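Asker: Mind having a look at this structure? Questions to follow.
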Amino acid sequence: MSEQVPPKRLYKYRSFSNLTLAMLVEDTVYFADPTTFNDPLDTKPTLDTDLPSVALEPVLAQLIEQRTTAEMAAAAKTIRYNGPKTLDHIARQSRKAAERLLADIRYNATNPDYEVDDPEQFLLGQYVQEELLRRYDRGVFSLAERVNCPLMWSHYGDQHRGICLGYSVPVDVAGDVHKMKYGGSRLVQASAVSAMLAGDSAARRGVDEAVLLKKARPWAYEREWRLLGPRGEQHSPLELEEVIFGMRCSSAVIFAVIRALEGRDRPVRFYEIRGQHGRFLLDKRVADTGELLATLPRRHRGIYEMFSEFEDLDAPGGDDGAVRPVSSSPPTK
């Protein structure tokens, strides 16, 4: 995949929620399933069937065998079956699965209702595309290059009510962080898939990028980098360095985040986003939290209690220290 060096800092825009707070205090990240992305074309390339049927068949067979083998091996591991007989059985069943599907495709290709020049090539291409996408079951943790992008704050930072997390990328993780490419074609050549399966590393990088690291050009404003890993919540391989608060972020959220990260063995710096004077631009500034931390948390009943002694002194006879009710009746003559 991409061999570009990640920037010194990458940012994750988030709305504030209990999940965000847990992510901060437990130092986790969530690798999302690409099928949940808001762009249905993201990670959904189209196969260009630039190979004839006779060359597509072994490609599809290998993809099916590899997937079936992985699935059956995982199932066998859960029941602790991993002997030679089990492995041989898995290999035979994987070959049979591929052979059955290829036989079905050859039969279905004889259907005269197909309005294509080569129905068998068409069907093989459809199945190769499906198997290729099933092969990429990795999760994605999306990050951005900039902390001061107005659109990112509006779209992903809960209209500035949320926060943005600034991460550094350790050297041993840099190889798993990749820069997105925008625009161009969604096509992946079947010949490239074939070369990838044959062990061609350049072909593998090309297919990987086409599947995981390409988006439509209008998304370029995100300047996205992707950290790839197992799907679901995982321990963070990145280093949390900064928390930036949006322009509408409430004082209660700011207080909660700062207090939640107190005592962390690697301190986090806190910033806030502010608008530039007279311009539609944003700046990141060091957060001034002294007054906030001095006044929160507060107890409002304590304010009334502070003035209760003055009410007592103002009451009739209050100078002797006794508390007496104040009459609301008019004086008698």
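Asker: Find the residue count for the range 191-228, including only residues that are part of a helix (DSSP H, G or I) and of a type outside the set (Val, Ile, Thr).
Answerer: Number satisfying all stated conditions: 22.
Asker: Tell me which residues, restricted to the range 22-42, are over 14 Å from the mean Cα position of the chain (by Cα), part of a loop (DSSP other than H, G, I, E, B) and without any contact (Cβ under 8 Å) to a residue 60 or more places away in the chain.
Answerer: 40
Asker: Touching a Ser or Thr at 6+ places or on another chain (Cβ under 8 Å), outside any helix (DSSP H, G or I), of a type outside the set (Val, Ile, Thr) and farther than 30 Å from residue 235 by Cα, is that true of residue 47?
Answerer: Criteria not met by residue 47.
Asker: Do we have residue 184 as modelled with pLDDT under 95 and of a type outside the set (Asp, Glu) here?
Answerer: yes
Asker: Still on this structure, please answer the following. I'd like to know if the range 282-290 contains one or more residues that are at pLDDT 95 or above, surrounded by 10 or more Cβ atoms within 10 Å (Cβ to Cβ) and among the β-branched types (Val, Ile, Thr).
Answerer: Taking every residue of the range 282-290 in turn, none turns out to be at pLDDT 95 or above, surrounded by 10 or more Cβ atoms within 10 Å (Cβ to Cβ) and among the β-branched types (Val, Ile, Thr).
Yes/no matrix, rows are residues, columns are (1) on the phi > 0 side of the Ramachandran plot; (2) buried (at least 17 other Cβ atoms within 10 Å of the Cβ); (3) at pLDDT 95 or above; (4) among the polar types (S, T, N, Q):
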position: 15; (1), (2), (3), (4): no, no, yes, yes
position: 26; (1), (2), (3), (4): no, no, yes, no
position: 38; (1), (2), (3), (4): no, no, no, yes
position: 43; (1), (2), (3), (4): yes, yes, no, yes
position: 61; (1), (2), (3), (4): no, yes, yes, no
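Asker: Within the group 243, 188, which residue is within 23 Å of the chain's Cα centre (by Cα), buried (at least 16 other Cβ atoms within 10 Å of the Cβ) and in a strand (DSSP E or B)?
Answerer: Checking each option against the conditions leaves just 243.
Asker: A further question on this structure: Return yes or no: is residue 143 among the hydrophobic types (A, V, I, L, M, F, W, C) and either more than 27 Å from residue 16 (Cβ to Cβ) or in contact with a helix residue (DSSP H, G or I) (Cβ under 8 Å, 6 or more places away or on another chain) (or both)?
Answerer: So residue 143 fails the test.
Asker: I need the full set of residues from the range 67-86 which are over 29 Å from residue 129 (Cβ atoms) and either exposed (fewer than 11 other Cβ atoms within 10 Å of the Cβ) or touching a residue at least 12 places away in the same chain (Cβ under 8 Å) (or both), in order please.
Answerer: Hits for the range 67-86 are 78, 79, 80, 83, 84, 85.
Asker: Say we look at the range 100-141 and pick out the residues that are more than 38 Å from the chain's Cα centre (by Cα) and in contact (Cβ under 8 Å) with a residue 24 or more places away in the chain; which of these is surrounded by the most Cβ atoms within 10 Å (Cβ to Cβ)?
Answerer: 120
Asker: Tell me which residues, restricted to the range 250-284, are polar (S, T, N, Q), assigned to a loop (DSSP other than H, G, I, E, B) and touching a residue at least 12 places away in the same chain (Cβ under 8 Å).
Answerer: 250, the sole residue that qualifies.
Asker: Working only within the range 3-21, note down all residues that are aliphatic (A, V, I, L, M) and within 15 Å of the chain's Cα centre (by Cα).
Answerer: Scanning the range 3-21 gives 10, 19.
Asker: Next question, about the same structure. Mind telling me which of the residues 55, 74 ends up being in a helix (DSSP H, G or I), of a type outside the set (D, E, K, R) and either modelled with pLDDT under 90 or closer than 24 Å to residue 228 by Cα (or both)?
Answerer: Step by step, each of 55, 74 is checked, and only 74 is in a helix (DSSP H, G or I), of a type outside the set (D, E, K, R) and either modelled with pLDDT under 90 or closer than 24 Å to residue 228 by Cα (or both).
Asker: Do we find that residue 293 is more than 30 Å from residue 32 (Cα to Cα), assigned to a helix (DSSP H, G or I) and at pLDDT 90 or above in this structure?
Answerer: So residue 293 passes the test.
Asker: Is there a residue in the range 171-183 that is on the phi > 0 side of the Ramachandran plot, out of contact with any His (no Cβ under 6 Å at 6 or more places or on another chain) and buried (at least 17 other Cβ atoms within 10 Å of the Cβ)?
Answerer: no
The values are calculated or read from the model by the stated rules, or taken from the named source; none is laboratory data. Computed from a predicted model, the values in this text were never measured in an experiment. Note: ideal-geometry Cβ built from the backbone for every residue, glycine included; neighbour counts use all protein chains shown.
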